[in-house]
1. Ranked from highest to lowest mean number of other Cβ atoms within 10 Å per residue, what is the order of the peptides 109-115, 24-30?
2. Mind giving me the nanometre distance, one decimal, between the label points for Arg32 and Asn82, set 7 Å out from Cα along Cα→Cβ?
3. So how do 96-107, 120-131 stack up, highest first, on mean other-Cβ count within 10 Å?
4. Any idea what angle helix 139-155 forms with the longest principal axis of the chain, computed on alpha-carbon atoms, 0 to 90 degrees, nearest 10?
5. Computed on alpha carbon atoms, what radius of gyration and Dmax characterise the chain, expressed in Å?
6. Using only alpha carbon pairs under 8 Å that are at least six residues apart, calculate the relative contact order of region 18-155 and give it in whole percent.
7. Measure nothing fancy, just the Cα-based angle from helix 74-89's long axis to the longest principal axis of the chain, in degrees from 0 to 90, nearest 10.
8. Work out the FRET efficiency for Ser61 and Glu158 from their Cβ-Cβ distance, taking R0 = 45 Å, and round it to the nearest 0.05.
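Coordinate-derived values only; no laboratory data. Note that the coordinates shown come from a computational prediction; the quantities given were computed from them, not determined experimentally. Ideal geometry is used to build each Cβ from the backbone, glycine not excepted, and the neighbour counts take in all protein chains shown.
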Amino acid sequence: MLGAAQTAPIIMSDEPMFAIVDTTGNALRFDRFAYERSLESARGDWHDANWVRCRITLNVSRATKQSVDAELLTTEIVELSNILRATLSSFGAEQTFEPTEPYIKLRIARRDTHVNIGARLDLAPAVGPVIEFVFECRPEEIGATLDAIGRVHEAFPERLTQSGT
């Protein structure tokens with residue numbers, strides 16, 4: 001799905017969330033964040049302490065809506081932010097965001113005045129169905145996404161270091 005420039009919708013919420021919104025108002029929204037386990041039940045295991053559940057929702061053409069309950073590591077939230085930030089400052093090079101749990105895969109590249117994001121949303125990893133789509137975003141839309149990812153990261157920071165402390 002690729003479209004002409006329009007005003008992107010403003011998504012307001014008190015809960016930590018972020019969305020990638022394209023020039024036609026299509027959105028890939030990440031919300032309903034919660035640590036998978038309490039720090040006590042993680043028992044010092046870095047992965048168990050840093051899994052964050054979320055819902056990924058694709059809204060396309062204001063008619064199609066698909067959601068999947070997914071998991072990201074706290075460090076993958078930071079990784080996505082770093083990829084988007086790097087993409088804003090470099091033209092042409094494609095970067096890939098592919099978290100450990102394969103619910104979502106993003107291919108992100110800056111092309112002239114827009115950021116193109118090719119995505120694959122896997123509604124049931126390894127089983128399907130799979131939805132593939134392309135977003136064309138203005139840099140200011142990605143900037144708003146980066147701000148929101150920062151708020152999610154503040155709410156869900158890495159709770160243990162890789163060494164377990």
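1. Numbers: 109-115: 15.3, 24-30: 20.7.
Top of the packing list down: 24-30, 109-115.
2. Each label point is offset 7 Å from its Cα along the Cβ direction, giving 2.9 nm.
3. Working: 96-107: 15.7, 120-131: 12.8.
The most tightly packed comes first, giving 96-107, 120-131.
4. Tilt relative to the chain: about 10 degrees.
5. 15.8, 50
6. On the way: 274 pairs, mean separation 28.8, N = 138.
Once divided by the residue count of region 18-155, the mean separation gives 21 percent.
7. 30 degrees
8. Details: r = 37 Å, r/R0 = 0.82.
E between Ser61 and Glu158, to the nearest 0.05, is 0.75.
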